[in-house]
Amino acid sequence: MNNCLILTVSDVRGSRQYSVPSNIKQILYFVVSIILLVIAGTIFYIYSLQNQVSSLEVGSTSTHPITETNVSQPTVVVQETPAPPVMPKEDKLKLIRKAILLASIPNGKPFDYEKVSSPFGYRTHPITQKKDFHEGIDFPAKEGVAVYATASGLVKYAKNKGNYGNYVLISNSYGFKSAYGHLSSYSVKKGDFVTKGQVIGYVGNSGKSIEPHLHYEVRYKNKWLNPQSFVNWDVSNSKYIKARVDSVDWDNIFKMVDSVSSLSIK
């Protein structure tokens, strides 16, 4: 009996005793020990998880977030591009008006000349030696120098015209026309629309001429004007022409230009 485990079972019918071998006793102790170890391990694991959750909550409130590499990343500063200044409406109108005038009415040089050999008005003709009226001005230059349109417009004439030689006539806007004579050749034809600054021909010595030069004219309502005032007029002095040329209805022209300018910014 010393090597046996005695189990006593009691119920309403009385008590009964059972003899269990000693090795069963060792097995029961082992099972109970395993159960206790499992319970203890479970409690320790739960406590460990609670600590990890607490540390994550604390870290999420930190001003320095944790990265995978635990290396602080460089700060990228994004600079906003400032918006361009808004141009007042009145300034826009002035720019548009200036652009329309200088594109539509003859102005500036037909090429980069050095001097005027024959001015506008009455003069002694270099060939006939008689006094006559010179409808334009003459710019001497080497033959073949490119000649540029001084305003945009429609080519009305592009062929030989007697004393004027190879001749190009352009109908510009607001009643103006510009003409180019004694050309060696022309690069446009009747009906072409040309823009300001476009090459329309080349300096020559065709027609009634004693040296290569360009004969240049400016007309308003089929009346000849002194081209020199228009040659001296360009983007740098847009108000110059009204004070210099009083035979043109500038007020009416400016009203028409202002109407177009106003429509362009609506």
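The values are calculated or read from the model by the stated rules, or taken from the named source; none is laboratory data. The structure displayed is predicted, hence computed values, not measured ones. When we count neighbours, we look across all protein chains shown, and the Cβ atoms used for this are built from the backbone with ideal geometry, even at glycine.
Here are some notes:
- Residue in region 91-112 that is of a type in the set (Asp, Glu), modelled with pLDDT of 80 or more, within 43 Å of the chain's Cα centre (by Cα) and assigned to a helix (DSSP H, G or I) present: yes
- Ala151 vs. criteria crowded, with 16+ Cβ neighbours inside 10 Å, under 20 Å from Asn232 (Cα atoms) and not assigned by TED's automatic domain parsing to the domain that holds Ser229: no
- When Phe230, Phe139 are checked against the criterion of being under 37 Å from the mean Cα position of the chain (by Cα) and at negative phi, Phe230 stands alone in meeting it.
- Residues in region 185-243 that are surrounded by 16 or more Cβ atoms within 10 Å (Cβ to Cβ) and β-branched (Val, Ile, Thr) were compared, and the one that is nearest to Gly153 (Cα to Cα) is Val194.
- Residues located in region 134-144, provided they are under 17 Å from Ile210 (Cα atoms) and in a loop (DSSP other than H, G, I, E, B): Gly136, Ala141, Lys142, Glu143, Gly144
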